[in-house]
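The values are calculated or read from the model by the stated rules, or taken from the named source; none is laboratory data. All values derive from a computational prediction rather than experimental measurement. Cβ coordinates were reconstructed from backbone atoms using ideal geometry, including for glycine residues, and neighbour counts include every protein chain displayed. Ligands, DNA and RNA are stripped out before the accessible areas are found, and what is left, the full protein with its side chains, is counted by its heavy atoms. Shrake-Rupley method; radii C 1.70, N 1.55, O 1.52, S 1.80 Å.
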Protein chains: 2
Amino acid sequence: MSQSKQSKSPLRVSPQPTPPTITKSARTRAAILNATMDFVWTHPFRDLTVGSLMASTDVGRSAFYKHFTGLYEVMETLMEMLQGGIVDATEHWYTGVGDPTALLQKGLAGLVSVGYEQGPLLRSMVEAATTDERFEAIWNRFMESFDNTVTERIEADQAQGLIADFDARPVAIALNRLNAYTLIQEFGHHPRSEPQPVLEALARIWISTLYGTDRFGEKSSTLVRT
Amino acid sequence: MSQSKQSKSPLRVSPQPTPPTITKSARTRAAILNATMDFVWTHPFRDLTVGSLMASTDVGRSAFYKHFTGLYEVMETLMEMLQGGIVDATEHWYTGVGDPTALLQKGLAGLVSVGYEQGPLLRSMVEAATTDERFEAIWNRFMESFDNTVTERIEADQAQGLIADFDARPVAIALNRLNAYTLIQEFGHHPRSEPQPVLEALARIWISTLYGTDRFGEKSSTLVRT
DNA sequence: CTTACTTTGTGACATAGTGTTACCTTGTAG
DNA sequence: CTACAAGGTAACACTATGTCACAAAGTAAG
């Protein structure tokens with residue numbers, strides 16, 4: 001009732017993916033996706049219903065089911081967009097060569113940046129995962145892929161003697177939960193936190209844990225980036 | 001229909017809180033709480049309905065509303081029980097004196113122990129928080145109380161020169177998300193992970209971050225506890 | 001014991017959301 | 001201009017919630 005419009009979701013879904021044939025179907029599909037995006041930007045996922053969603057388009061509620069089998073499928077589509085951004089932002093660390101600390105720092109900076117831009121969307125993903133069984137499976141697979149990648153990277157650095165020889169997988173799982181849920185906590189709702197202190201906190205934790213604390217002076221100003 | 005019973009929730013709600021007057025009301029209340037406990041032990045919270053819940057008691061569905069205003073209030077009651085266990089298990093660290101590393105280690109061991117015992121209940125709390133607005137507020141207050149306590153403890157140790165002088169709050173927030181969601185990931189579903197490697201991972205991350213990595217030998221066998 | 005009264009329990013109802021079906025409409029390819 | 005598939009709709013069946021008026025059953029007092 002007292003809702004002075006906040007920020008709008010930045011990602012927009014254009015009707016035509018590649019071919020210039022703008023079908024009516026694609027336009028409605030895009031309208032649904034955009035309406036969903038806008039909705040989760042400012043509302044909890046639990047308040048999203050097919051009815052309220054379609055009310056903000058120019059077609060009726062039951063037309064929704066001509067394009068998606070349910071809300072979970074809409075979220076799945078949006079997640080593919082989010083996933084791309086996250087993978088792009090962090091892949092340096094997994095694949096790059098050079099100073100591992102600097103690579104990690106860069107990867108985390110990218111992750112925090114995406115989290116800051118897409119926070120509410122990220123939050124809605126987790127909410128959708130607890131609401132819908134099928135989407136939960138998709139989300140879990142997403143997180144597990146990170147668990148695997150981070151585990152591999154830790155083990156590779158352990159083989160080179162860069163990281164102490166501990167059981168990599170539980171640490172990877174824990175650090176990934178750290179990232180995901182810290183980003184949601186800090187950037188999932190309006191008003192968002194400042195990204196800088198969050199990046200410093202995450203970088204401190206990851207770097208201390210993996211590469212040791214001797215990287216830090218007394219004041220952590222060496223961590224400043226972005 | 002085809003439900004071969006898995007493990008049962010260990011916490012039981014006795015009808016009489018303190019006075020020996022066993023009212024009929026208290027018995028039904030306890031039956032509801034126990035049925036809820038049993039349910040979330042083996043099912044996702046989204047599948048919990050008032051109907052299915054009351055079907056496993058000897059009174060009808062609408063009797064539920066004579067005792068609770070909704071499922072969220074049931075979860076609130078169960079959370080008070082869980083909260084007590086967590087606070088008991090971790091309070092050493094916040095208040096104790098002596099070697100901070102050892103205190104932290106003990107606190108985490110207690111936390112992992114509670115998480116291991118109460119994992120599915122903890123998971124259902126987070127699920128309920130994303131489903132119900134009022135319970136979400138309660139859960140957030142719970143997490144914030146930990147954020148405040150950990151922030152204070154870090155700042156106290158920083159004042160003594162035991163911890164490097166970084167911005168304590170974002171680190172406290174991140175480390176608390178680490179704990180909560182790692183415990184849910186590892187112990188929230190059957191079959192649960194082993195507690196030992198999880199404790200080692202959490203201890204490594206907390207201790208490295210706060211007190212430095214020089215505490216660890218090459219193999220982390222010094223961390224073994226329980 | 002029985003009367004009066006509060007607590008606990010019930011069936012029926014109103015409401016809100018989901019997903020499906022059978023049937024229109026429209027736009028565009030032949 | 002017409003055939004017909006794709007897109008859209010209204011109405012329905014279903015499931016869950018929460019409430020209400022009323023019934024039953026404990027309990028306390030006389």
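The residues in segment A:1-51 that are open to solvent by 50 Å² or more (accessible area, probe 1.4 Å) and modelled with pLDDT of 70 or more can be counted, and the count is 12.
When restricted to residues that are farther than 24 Å from B:Glu186 by Cβ and open to solvent by 20 Å² or more (accessible area, probe 1.4 Å), segment B:139-152 contains 3. Looking only at segment A:34-64, filter to residues that are without any contact (Cβ under 8 Å) to a residue 12 or more places away in the chain and not in a loop (DSSP other than H, G, I, E, B); which one of those is nearest to A:Asn140 (Cα to Cα)? Per the stated criteria, the residue is A:Asp47.
Might you check whether a residue that is outside any helix (DSSP H, G or I) and more than 16 Å from DNA strand D (Cβ to nearest atom) occurs anywhere in segment A:71-85? Talk me through it step by step, then tell me what you get.
Initially, segment A:71-85 is screened for residues outside any helix (DSSP H, G or I), giving none.
The answer is no, given that none of the residues of segment A:71-85 is outside any helix (DSSP H, G or I) and more than 16 Å from DNA strand D (Cβ to nearest atom).
Each residue in segment B:83-131 was checked for being in contact with a Leu (Cβ under 7 Å, 6 or more places away or on another chain), within 16 Å of B:Val40 (Cα to Cα) and open to solvent by 10 Å² or more (accessible area, probe 1.4 Å), and 2 pass. Among the conditions (1) part of a helix (DSSP H, G or I); (2) more than 7 Å from chain B (Cβ to nearest Cβ); (3) open to solvent by 40 Å² or more (accessible area, probe 1.4 Å), the only one that A:Ala172 does not satisfy is (3). Among residues of segment A:60-90 being within 8 Å of DNA strand C (Cβ to nearest atom) and either basic (Lys, Arg) or more than 14 Å from chain B (Cβ to nearest Cβ) (or both), the one that is nearest to the chain's Cα centre (by Cα) is A:Thr69.
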